[in-house]
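Asks: What follows is a single structure, and I will ask about it in a moment.
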Amino acid sequence: MPFRTESPSEPPVPRPYSRWASLVVLCAGTLMTILDGNIVTVAMPAIQSDLGFSGPGLAWVVNAYLIPFGGLLLLVGRLGDLVGRRRMFAAGLVVFTAASVLCGVATDRSLLVAARALQGVGGAMTSAVVLGMLVALFPEPREQARAIAVFSAVGAAGGALGTFLGGALTQTVGWHWIFLINLPIGVVAWLAAIRILAPDRGVGLGKGADYPGAALITGALMLTVYTIVGAGDRSLGVTLASAALALGLYAGFVLRQARAARPLLRLRLFRSRALSGANGVQILMVAGMFGFQYIGALYLQRVLGYSELTTGTAFLPAPIAIGVLMLTLSARTIARFGPYRVLLAGLVLITGGMALLSRAPADGSYVADVLPAMLLLAAGFAAAMPAVTGLAMTGAREEDAGLASGLFNTTQVVGGSLGLAVLTTLAASRTERLTGGGEGTVAALADGYRLAFAVATGIALAALVLAAAILRPGRGHVPHASPAPEETPEPVRTSAEETPGAAQGADAKPASEAGRQVRAKTSP
């Protein structure tokens, strides 16, 4: 029987790409970076003892990761638009995994800090483009809400799971394994990324690569994170000088973007009330939630006397509640009531949870004083995070999705760093003042943590007020500004265009009305 041959003119059968399988890959890569941002917290005493870090020097195990991570998110988000988001995501997995191995085999302080900085670079490359890929995969509002809920659940759960895994691995096999565990995970995630994620070419480095602007904003963001995370270890004069220099770099960046022919960040992006307001709300919300994660762990260990593993176990109800609520209710409630109302409800719950923690006594108990507040915070975060993510990403045009994703992740890092620096400094200052006055150590610690939670309550309340004032639908809302004629962008070539009939592209629609107009003008 003769073999059947295809005609040379017959187009090759396209390989199908599953959107939901792609979401799993994106969530796996994101989970690895989020876990590593938190897993080190419980292992810090063991690392200090093994490598001989001083007290201030130990903070750089965290800071060395946060500074490049926060500083590079905006730049690599834009580069992902230019060179292809899948390519940037996969390259970030390689860098992050290799840096994790270096952290795991580190035998001296300098190598560990340098490897942590390289981890921050890889984490930024991986995280900055994820939301842009997600909204391109799921342009239909109901499906997009479900996908964002899944993604947000993984991210939120990863933060709390990192605390548990850090304690478990450190106590059983040693702190090196909190990093080495990333090797098999990273290899599997990379293989899945190149097999499952649909390729995209981007628009090319020549389209919109403003390297002087990139240098200004990257320097400004890195200096901002450096100023925030190290404020407690430096003099006031040095901190103010660093902050002034960061503001100068921001001003230079804005001037550059206003005049550049191909700006890195089109300033019209901020004309969207949804995008600007959602990022502002996120800074405040994440600042308070980081306070719960870190100050809450300290309260359990230093006041209630919990071990590392017990502390990690005590945090498990939070990721479980967040995951269940996000996967079962978030998308439905957002579809029924809209992201604005769901966001406000979530912020009310977060404020209430922080207020409960601000009353936690020195002789408190986990069941009575911590668990109820933890469940309120988990429910609030499960409602608020998908809602604020959706509001931020719907405020950007399709060709700006990678940049908007990088901006959203950047404000998340800055908010967390700011909240951590402010709340830990306030708690330490109050505790030091009380112990100096003769107060017992445990009582002084508890009082300092109550102050931190009270301030976090105020931060959450400020996020609620800002959301109510800025994000209400119909109040002068501008989804996104139309581009000026001279900066009408070249349409982004998606997998649907490159691979006709692909599963993820067959029913794909642009993520915004402006995207539909661009496609209509450029379609044959």
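The values are calculated or read from the model by the stated rules, or taken from the named source; none is laboratory data. In this text, all values refer to a predicted model and were calculated from it rather than measured experimentally. Cβ: placed from backbone, ideal geometry, glycine included. Neighbour counts: every protein chain shown. The protein model used for the area step is the full one, side chains on, heavy atoms only, and it has no ligands, DNA or RNA in it. Shrake-Rupley method; radii C 1.70, N 1.55, O 1.52, S 1.80 Å.
Asks: Packing-wise, with mean Cβ within 10 Å as the measure, how do 90-96, 370-376 rank, highest first? It would help to have the intermediate numbers written out before the result.
Replies: Working: 90-96: 22.7, 370-376: 18.7.
Put in order of decreasing packing, that is 90-96, 370-376.
Asks: A further question on this structure: Distance between Cα centroids, region 131-152 to region 426-474: provide it in whole Å.
Replies: Centre-to-centre distance over Cα atoms comes out at 34 Å.
Asks: Right, here's the next one. Averaged per residue, what accessible surface does region 40-156 expose to a 1.4 Å probe, in Å²? Present the calculation step by step, with values, prior to reporting the outcome.
Replies: Values: 3460 Å² over 117 residues.
Per-residue accessible area for region 40-156 comes out at 30 Å².
Asks: How far apart, in nanometres, would the label points at Val367 and Ala21 be if each is projected 7 angstrom from Cα along the Cα-to-Cβ direction?
Replies: 4.7
Asks: Find how much the distance from Ala114 to Val173 grows on full extension, using 0.36 nm per residue of separation minus their present alpha carbon separation; answer in nm with one decimal.
Replies: Working: separation 59, 0.36 × 59 = 21.24 nm, distance 2.34 nm.
Here the answer is 18.9 nm.
Asks: Is the shape of region 60-101 best called rounded, prolate or oblate, per the rule: a/c under 1.5 gives rounded, else a/b larger than b/c gives prolate, else oblate, with a ≥ b ≥ c the square roots of the Cα gyration tensor eigenvalues? Numbers along the way, then the final one.
Replies: On the way: a/c = 4.98, a/b = 1.44, b/c = 3.45.
Cα axes put region 60-101 in the oblate bin.
Asks: Give me the percent of accessible area attributable to carbon and sulfur for region 355-446, probe 1.4 angstrom.
Replies: Details: 1920 of 3090 Å².
Answer for region 355-446: carbon and sulfur cover 62 percent of the accessible area.
Asks: On full extension of the chain, what length is gained from Leu267 through Arg201, given 0.36 nm per residue of separation minus the C-alpha to C-alpha distance?
Replies: Numbers: separation 66, 0.36 × 66 = 23.76 nm, distance 2.49 nm.
Going from the current span to full extension adds 21.3 nm.
Asks: May I pose another question? I need the shape label for region 312-409. Rule: rounded when a/c is under 1.5, else prolate if a/b > b/c, else oblate, with a, b, c from the alpha carbon gyration tensor.
Replies: Numbers: a/c = 2.41, a/b = 2.17, b/c = 1.11.
Prolate.
Asks: Could you check the spin-label model distance between Leu329 and Ala98? Points 7 Å from the Cα along Cα→Cβ, value in nm.
Replies: Going by the 7 Å Cα→Cβ label model, 4.5 nm.
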